[in-house]
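Engineer: Let me give you the structure first, and then I'll get to my questions.
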Amino acid sequence: MSMKLEFNPIDYDYFDFEGRNYAKIIGRDNNGKRVCIIDSCEVYFWAILKEGLNQKEIEKLQKKIEDIQLDVKGRKTKVEKTEVHNKKFLGKDVKAIKIFATNYKDMHDIAGELGMPEIEKRRGYDIGFISHYIIEKKLNPLQWYEIDGEVLNNSLEFGGIDSVLEVDSCIKVDSIKKLEKQNLSPKILAFDIEADELKIGEGEILMISLVSENFKKVLTWKKHKDLPNVEYVKDEAELIEKFVHYVKKISPDFLTGYFTDGFDIPYLKARAEKYKIKLSLGLDGSQPKFSRGITTTARIDGIVHIDLFRFIETAYSQYMSSETLSLNEVSHEFLGESKKEHEHRHSSKINGDEWTSYFEYNLQDSVLAYKIFEKIWPDLLEFTRIMQEPVFDVSRNGMSTNVEDYIIHNLQKFNEIPEKRPTYDEIGERRGRGKYEGAFVLEPKAGLYENLAIFDFTSSYGSVIVTYNLSKSTFLEEPEKDSYSTEVAGKKVYFSKKPGFFPKMLEEVIEKRRQYKEELKNKPDAIKKARSNAFKLLANASYGYLGFFGARYYCEEAAAATASFARQAVKEAIEKTNKAGFGVIYADTDGFAFSLNEKTKKQTEDFLKKLNSELPGIMELELEEFYKRGIWVTTRTGEFGAKKKYALVNESGKLKIRGFETVRRDWCALARNTQSRILKMILEDGNETKSFEYIKKIVKEVKERKVNLKEMTIKTQLKKPISEYKSITPHVVAAKRMIEREIPMDIGVVIEYYISETKEKKKLVREKVKLADEKGEYDIEYYLKHQILPAVENIFQVFGIDINAVLETKKQKTLGDF
DNA sequence: GAAGTGGATATACC
DNA sequence: ACTGGTATATCCACTTC
């Protein structure tokens with residue numbers, strides 16, 4: 001029976017049947033029914049031919065290739081057919097033989113047989129089947145299509161695949177047509193587990209919460225009184241079974257949670273194995289599959305599992321103010337909501353109504369996950385549509401992979417054959433190379449300044465790459481006379497003026513970003529914001545991609561040239577700004593701050609227009625903002641103006657603080673808050689009078705032990721296994737103590753400790769470390785001399801005040817003097 | 001054993 | 001291993017006198 005339907009592909013998978021590859025794609029139709037479509041496509045790779053072969057030689061070669069037959073791991077395979085095409089490879093015209101295989105897994109082996117001297121390069125055999133399918137059939141994820149096809153009804157075609165699949169219909173595709181429709185409201189189910197031990201599978205799972213549209217539930221075997229939303233089961237095994245039951249019943253498109261790749265799903269799997277229960281969450285009844293090296297990734301057939309943490313890490317973290325990406329902090333920043341208060345204790349020590357609040361805590365985590373998913377959905381949707389890879393992968397990929405996906409899916413427009421991934425040896429060679437020169441940072445003169453403005457290059461490095469046509473394919477080994485050139489490490493490098501595909505793609509990215517940003521300004525909505533943001537991130541990551549050792553289109557010369565051209569651009573702009581009578585104070589990478597020097601805002605804006613009219617290509621400066629005041633300080637030694645450290649206040653009184661201890665999480669709250677209060681007072685008043693009194697008060701409070709121990713906590717992240725530390729710093733000592741006390745701890749954890757008063761005089765800071773929850777008193781001398789005063793002394797130095805002398809702290813070396 | 005210096009480490013900026 | 005380089009600051013580890 002043939003049928004036609006509107007279809008939105010959500011989850012992509014593939015299978016082999018009779019030696020061929022088939023895509024198995026799960027999605028929704030326009031009535032919200034779950035549909036599986038099965039489709040195939042031709043799989044092929046390219047043999048790029050040496051120049052100057054004649055027709056006869058090519059035909060002979062084609063024959064030779066077509067005769068290739070292989071027996072790979074018991075699977076007999078052959079080349080299906082070949083075609084000769086005029087293609088481009090790295091921008092150059094090439095003749096290439098398109099080699100069609102039966103199964104994409106054989107392409108590597110067939111490529112291995114192509115040692116013929118007429119073949120220059122083999123390419124395109126290292127692209128996964130799903131990517132290949134999406135490129136060939138243009139069935140992009142999360143877009144609407146009209147599908148024409150045959151309904152499979154318990155048919156034996158494909159080995160009866162449809163009969164085990166829990167979908168409303170299963171269709172073998174005949175044709176695909178793109179539709180303009182955009183909206184998609186998927187069904188989401190958020191979940192969260194609570195267990196006694198944090199090590200995977202080592203403790204019992206006590207409860208699982210589930211949240212979906214109009215659905216809230218806590219499943220638990222810890223019997224307590226009747227409560228709304230709480231359902232009791234007899235034991236842990238039944239808990240797991242009930243969980244599977246509800247996932248199947250709700251049957252969401254997306255199963256989501258926080259840290260679920262690394263914690264919840266592996267934990268469930270481990271506990272299910274203990275009871276010999278199948279965790280059959282997949283639509284085909286299969287269990288979650290774990291893959292990928294360092295960070296485990298849990299895949300469920302037909303249901304897209306999204307670990308919110310993974311996506312937030314790549315898509316948002318650099319713009320977030322949260323110091324950790326914990327569910328609590330992220331919820332706070334995204335939703336203005338928090339986790340429920342709960343003190344973690346072993347279940348054997350939990351009594352009575354404490355269980356009620358534990359259930360509520362568990363439920364709240366799922367509620368938060370559900371809401372965060374809703375919040376990030378526009379971004380996830382746009383990222384997926386732009387990168388054109390399945391949302392499961394896009395939600396987990398880093399920005400380098402996103403850039404590469406974008407390239408790979410846009411190569412066809414340029415008739416380009418894809419470059420291969422670097423080999424292990426190539427990666428080693430690339431990593432072995434030293435660093436190239438990067439950004440220019442202008443040393444500021446410490447001081448308090450009034451009436452400032454900041455100019456920034458929009459998508460700075462991206463616009464440099466586009467303007468000067470920088471990329472692997474445009475890099476010239478031999479200089480040409482009319483080319484772009486700059487100096488890198490004392491050597492000239494040249495780039496062709498013939499537009500390359502990488503700069504061209506990037507130009508489109510930047511143009512789209514500009515366009516969506518404009519539309520967003522006129523009529524804001526979440527999707528436009530997401531689009532604008534996705535393109536911004538893509539543009540920003542493109543430069544890093546050029547210098548990333550794992551990139552297919554790695555080109556160190558292009559990355560170094562980008563930085564070089566950007567340095568020139570910012571230096572030239574600074575020079576012109578100074579010449580025009582402004583006073584440039586500071587610059588970093590792609591922007592600079594300057595004093596208006598009695599000039600008006602209008603004059604400043606006019607000057608910006610003039611600057612812009614003189615810039616090459618798509619380079620563009622924009623006015624970031626006007627500021628009422630700004631402060632720059634010296635480095636600790638007092639010799640130089642400190643770079644990457646300043647504080648500004650705009651005309652509505654909003655502070656912008658960069659680099660100062662205030663924004664560093666490895667300083668105690670007291671030092672951070674004191675510094676930020678002082679910066680605020682100075683920037684608001686234009687003098688130090690008030691702050692001077694304030695610091696005296698704080699010092700007094702510290703000396704009189706009036707400060708809460710909480711304010712003294714220092715937080716430092718553990719970045720590697722304890723045994724690998726060559727230098728035993730305070731936070732390593734604290735981590736060791738946590739192990740002694742059996743407090744769960746691992747790489748990535750932010751260690752919290754304070755420096756305590758000790759009876760004997762200890763020389764090293766680490767000898768005075770106590771964990772944040774350990775009883776003790778803070779070391780007054782340490783906090784004054786190593787936290788509070790270092791955080792403020794350079795600020796007072798701007799006004800010629802030696803705060804140490806004023807407070808007489810430096811000469812006082814022992815407690816007795818206080 | 002104090003003082004000075006370089007290395008290891010963490011975090012921030014763009 | 002999962003974008004790049006530039007920069008500050010702390011504390012330890014080691015050397016020197």
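Engineer: Using just the Cα positions, wrap the range A:200-304 in a convex hull and report its mean projected area in square nanometres, one decimal place. Kindly include the intermediate steps, with their values, before the conclusion.
Structural biologist: Values: hull surface 27.6 nm².
Over all viewing directions, the range A:200-304 projects a mean Cα-hull area of 6.9 nm².
Engineer: With just the Cα atoms of the range A:616-710, tell me how far they stretch along each of the three principal axes, in Å, largest first.
Structural biologist: Largest to smallest, the principal-axis extents are 62, 29, 27 Å.
Engineer: Per residue, how big is the convex hull of the range A:140-270 when only Cα atoms are used? Give it in Å³. Working shown, then result.
Structural biologist: Values: hull volume 20.2 nm³, N = 131.
Once divided by residue count, the hull of the range A:140-270 is 155 Å³.
Engineer: Enumerate the whole-percent occupancy of each 10 Å bin, from 0 to the last occupied one, for all C-alpha pair distances of the range A:488-553.
Structural biologist: Pairs per bin, as whole percents: 19, 37, 28, 13, 3.
Engineer: Could I ask something else about it? Given H placed on each backbone N at 1.01 Å, which residues far from A:Glu337 in sequence or on other chains put an amide H within less than 5 Å of it?
Structural biologist: Here the answer is A:His332, since their amide H atoms fall under 5 Å of that of A:Glu337.
Engineer: Additional query: For the range A:250-383, what is the convex hull volume of the alpha-carbon atoms per residue, in Å³? The partial results should precede the final answer.
Structural biologist: Values: hull volume 20.3 nm³, N = 134.
Given the Cα convex hull of the range A:250-383, per-residue volume reads 151 Å³.
Engineer: Related question: Over the Cα atoms of the range A:680-798, compute the convex hull volume and normalise it per residue, giving Å³.
Structural biologist: Details: hull volume 16.9 nm³, N = 119.
Output value, Cα hull per residue: 142 Å³.
Engineer: What are the extents of the Cα atoms of the range A:506-613 along their three principal axes, listed from largest to smallest and rounded to whole Å?
Structural biologist: The principal-axis extents, from largest down, are 49, 41, 22 Å.
Engineer: With viscosity set to 0.692 mPa s at 37 °C, what whole-number translational diffusion coefficient in µm²/s follows for the range A:674-739 from Stokes-Einstein and a Kirkwood radius over Cα pairs? Provide the component values of the computation, followed by the final result.
Structural biologist: Working: Rh = 15.0 Å.
It comes out at roughly 219 µm²/s.
Engineer: Continuing with this model, one more query. With 20 Å as the cut-off, how large is the P(r) tail for the range A:171-240, expressed as percent of Cα-Cα pairs?
Structural biologist: On the way: 1233 of 2415 pairs.
Above the 20 Å cut-off, the range A:171-240 has 51 percent of its Cα pairs.
Engineer: Arrange the peptides A:770-779, A:5-14, A:594-603, A:664-673 so that the one whose residues have, on average, the most other Cβ atoms within 10 Å appears first. Intermediate values should be presented prior to the final figure.
Structural biologist: Details: A:770-779: 16.0, A:5-14: 21.5, A:594-603: 14.1, A:664-673: 18.6.
Highest to lowest by the protection proxy: A:5-14, A:664-673, A:770-779, A:594-603.
Engineer: Kindly provide the Kirkwood hydrodynamic radius of the range A:440-555 in Å, to one decimal, from all pairs of distinct alpha carbon atoms. Intermediate results must be reported in sequence, preceding the final value.
Structural biologist: Numbers: mean 1/r = 0.0605 Å⁻¹.
Evaluated over the range A:440-555, this radius sits at 16.5 Å.
Engineer: Within the set A:Lys138/A:Lys172; A:Lys576/A:Lys599; A:Lys492/A:Lys576, which residue pairs have Cα atoms separated by over 19 Å? Walk me through the numbers before you get to the answer.
Structural biologist: Values: A:Lys138/A:Lys172 16 Å; A:Lys576/A:Lys599 15 Å; A:Lys492/A:Lys576 26 Å.
Exceeds cut-off: A:Lys492/A:Lys576.
Engineer: What are the extents of the Cα atoms of the range A:399-477 along their three principal axes, listed from largest to smallest and rounded to whole Å?
Structural biologist: Ordered largest first, the range A:399-477 gives principal extents of 55, 33, 27 Å.
Engineer: Then there is this: Find the relative contact order for chain A and round it to a whole percent, using C-alpha pairs within less than 8 Å whose residues are 6+ positions apart.
Structural biologist: On the way: 1476 pairs, mean separation 71.7, N = 818.
Relative CO of chain A lands at 9 percent.
Engineer: In Å and on Cα atoms, what radius of gyration and Dmax does the range A:523-566 show?
Structural biologist: Both quantities, over Cα of the range A:523-566: 14.0, 41 Å.
Engineer: Given all pairs of different Cα atoms, what value in angstroms does the Kirkwood hydrodynamic radius of the range A:231-274 take? Can you show the working numbers first?
Structural biologist: On the way: mean 1/r = 0.0873 Å⁻¹.
So the Kirkwood estimate lands at 11.5 Å.
Engineer: For q = 0.14, 0.21 Å⁻¹, what log10 I(q)/I(0) does the range A:270-328 give under the Debye formula with an equal point scatterer on each alpha carbon and no solvent?
Structural biologist: Computed log10 I(q)/I(0) values: -0.57, -0.91.
Engineer: Mind listing which GluC sites (Glu not before Pro) in the range A:322-407 are in a DSSP loop and have 12 or fewer other Cβ atoms within 10 Å? Kindly include the intermediate steps, with their values, before the conclusion.
Structural biologist: Values: sites: A:Glu323, A:Glu329, A:Glu333, A:Glu337, A:Glu341, A:Glu343, A:Glu354, A:Glu360, A:Glu374, A:Glu382, A:Glu404; in loops: A:Glu323, A:Glu337, A:Glu341, A:Glu343.
Taking the range A:322-407 and a limit of 12 other Cβ atoms within 10 Å, the loop GluC sites (Glu not before Pro) found are A:Glu341, A:Glu343.
Engineer: Related question: Report, in deg cm²/dmol and to the nearest 500, the calculated mean residue ellipticity at 222 nm for chain A, where each DSSP H run with n ≥ 4 adds -39500 (n - 2.57) and the sum is divided by the residue count. Mind dumping the intermediate values first?
Structural biologist: Values: 23 runs with 280 residues, N = 818.
Roughly -10500 deg cm²/dmol at 222 nm, from the helical runs in chain A.
Engineer: Still on this model: As an exercise, take the mean of 1/r over every pair of distinct alpha carbons in the range A:339-477, invert it, and state the Kirkwood radius in angstroms. Kindly include the intermediate steps, with their values, before the conclusion.
Structural biologist: Details: mean 1/r = 0.0460 Å⁻¹.
Roughly 21.7 Å, rounded to one decimal.
Engineer: Roughly what would the spin-label model give for A:Lys761 and A:Lys435, points 7 Å off Cα along C-beta, in nm?
Structural biologist: 4.0
Engineer: So, one more: Past 23 Å, Cα to Cα: identify those pairs from A:Lys178/A:Lys413; A:Lys24/A:Lys177; A:Lys105/A:Lys177; A:Lys610/A:Lys680; A:Lys340/A:Lys775, in the order given.
Structural biologist: Details: A:Lys178/A:Lys413 18 Å; A:Lys24/A:Lys177 18 Å; A:Lys105/A:Lys177 28 Å; A:Lys610/A:Lys680 35 Å; A:Lys340/A:Lys775 26 Å.
A:Lys105/A:Lys177; A:Lys610/A:Lys680; A:Lys340/A:Lys775, as the Cα separations exceed 23 Å there.
Engineer: For the range A:429-498, state which trypsin sites (Lys or Arg not before Pro) are in a DSSP loop and have at most 14 other beta carbons lying within 10 Å of their beta carbon. Working shown, then result.
Structural biologist: Working: sites: A:Arg430, A:Arg431, A:Arg433, A:Lys435, A:Lys445, A:Lys472, A:Lys481, A:Lys491, A:Lys492, A:Lys497; in loops: A:Arg433, A:Lys435, A:Lys445, A:Lys472, A:Lys481, A:Lys497.
Taking the range A:429-498 and a limit of 14 other Cβ atoms within 10 Å, the loop trypsin sites (Lys or Arg not before Pro) found are A:Arg433, A:Lys435, A:Lys445, A:Lys481, A:Lys497.
Engineer: Separate question: May I ask for the percentage of alpha-carbon pairs in the range A:1-52 that lie more than 17 Å from each other? Don't jump to the answer; show the numbers that get you there.
Structural biologist: Details: 706 of 1326 pairs.
When all Cα pairs of the range A:1-52 are counted, 53 percent exceed 17 Å.
Engineer: Based on C-alpha coordinates, I'd like the Rg and Dmax of the range A:600-639, in Å.
Structural biologist: Looking at the range A:600-639, its Cα Rg and Dmax stand at 15.5, 42 Å.
Engineer: I'd like the trypsin sites (Lys or Arg not before Pro) in the range A:201-255 restricted to DSSP loop residues with at most 15 other Cβ atoms within 10 Å, sorted by number.
Structural biologist: Working: sites: A:Lys216, A:Lys217, A:Lys222, A:Lys223, A:Lys225, A:Lys234, A:Lys242, A:Lys248, A:Lys249; in loops: A:Lys222, A:Lys223, A:Lys225, A:Lys234.
Answer in residue order: A:Lys223, A:Lys225, A:Lys234.
Engineer: Expressed as a whole number of Å, what is the distance separating the alpha-carbon centroids of the range A:450-509 and the range A:34-84?
Structural biologist: Using only Cα atoms, the two centres lie 38 Å from each other.
Engineer: Based on alpha-carbon centroids, what's the gap between the range A:257-314 and the range A:705-730 in Å, whole number please?
Structural biologist: So the two Cα centres are separated by 33 Å.
Engineer: If you don't mind, another one. Which entries in the list A:Lys225/A:Lys269; A:Lys339/A:Lys700; A:Lys92/A:Lys491; A:Lys234/A:Lys770; A:Lys523/A:Lys656; A:Lys181/A:Lys498 go over 32 Å, if you measure between the two C-alpha atoms of each? Don't skip to the answer; put the middle values down first.
Structural biologist: Numbers: A:Lys225/A:Lys269 29 Å; A:Lys339/A:Lys700 36 Å; A:Lys92/A:Lys491 25 Å; A:Lys234/A:Lys770 43 Å; A:Lys523/A:Lys656 27 Å; A:Lys181/A:Lys498 37 Å.
Check vs 32 Å cut-off fails for A:Lys339/A:Lys700; A:Lys234/A:Lys770; A:Lys181/A:Lys498.
Engineer: Let me ask something else. Taking the C-alpha atoms of the range A:569-622, how large are the radius of gyration and the largest Cα-Cα span, Dmax, in Å?
Structural biologist: 10.6, 32
Engineer: Within the P(r) computed for chain A, what percentage of the Cα pairs occupies the region above 34 Å? Intermediate results must be reported in sequence, preceding the final value.
Structural biologist: Numbers: 208821 of 334153 pairs.
Taking all Cα-Cα pairs of chain A, the fraction more than 34 Å apart is 62 percent.
Engineer: Starting from the eigenvalues of the Cα gyration tensor, five times each then square-rooted, give me the equivalent ellipsoid semi-axes of the range A:43-194, largest first, whole Å.
Structural biologist: On the way: eigenvalues 293, 84, 53 Å².
Those come to 38, 20, 16 Å.
Engineer: Using only the Cα atoms of the range A:577-658, what semi-axes does the equivalent ellipsoid have when each is the square root of 5 times a gyration tensor eigenvalue? Give whole Å, largest first. Display every interim value, and only then the final one.
Structural biologist: Values: eigenvalues 118, 50, 32 Å².
Whole-Å semi-axes of the equivalent ellipsoid: 24, 16, 13.
Engineer: Further question: In whole angstrom, note down how far apart the Cα centers of the range A:585-629 and the range A:161-205 are.
Structural biologist: About 50 Å separates the Cα centre of the range A:585-629 from the one of the range A:161-205.
Just so you know, all these numbers are worked out from the coordinates, no wet-lab data involved. Since we're looking at a predicted model, the values are computed, not measured. Positions of Cβ are generated from backbone atoms using ideal geometry, with glycine treated the same way; all protein chains shown enter the neighbour counts.
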